[in-house]
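Read the structure below first, then the notes.
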Amino acid sequence: MSNHNRNIFEKSTELIGGLQIFLSPFLIGAAISAIIYFSNPNNFTLVIAIVLLLLATGIGIKLATKTYRSKEGTIDFISKTDSTPEIDNFLNKEKNDHR
């Protein structure tokens, strides 16, 4: 989807999709950082947790902007990852089976 012909609704849905893509690595990094720090709270584990969280934030931003700027966009990316064509084909075959 090219950027020049998106209306406000498409832009807002793309931004929400970008936020979802960003949150995935960020929340995983936050959980791992919390486990590292709270298992042994001291300055060394705090530094490791902060570095890991910054790394997860950078990865999330990179993925979200790369997907947002792509030809398809974030909503198409999320739709592809959430789809289950094998299950859909199985259910359609089962529905159309009239023995």
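The values are calculated or read from the model by the stated rules, or taken from the named source; none is laboratory data. In this text, all values refer to a predicted model and were calculated from it rather than measured experimentally. Here Cβ is always computed from backbone atoms with ideal geometry, including for glycine, and neighbour counts include all displayed protein chains. Calculation scope for accessible area: heavy atoms of the full protein, side chains included, ligands and nucleic acids excluded. Shrake-Rupley method; radii C 1.70, N 1.55, O 1.52, S 1.80 Å.
Things to note:
- Considering region 52-71, and only residues there that are over 15 Å from the mean Cα position of the chain (by Cα) and exposed (fewer than 13 other Cβ atoms within 10 Å of the Cβ), the residue that is modelled with the highest pLDDT turns out to be Leu54.
- Among the residues of region 11-32, those that are touching a residue at least 40 places away in the same chain (Cβ under 8 Å) and open to solvent by less than 90 Å² (accessible area, probe 1.4 Å) comprise Thr13, Glu14, Gly17, Gly18, Ile21, Phe22.
- Boolean, Ile35 is assigned to a helix (DSSP H, G or I), more than 26 Å from Lys66 (Cα to Cα) and touching a residue at least 12 places away in the same chain (Cβ under 8 Å): no
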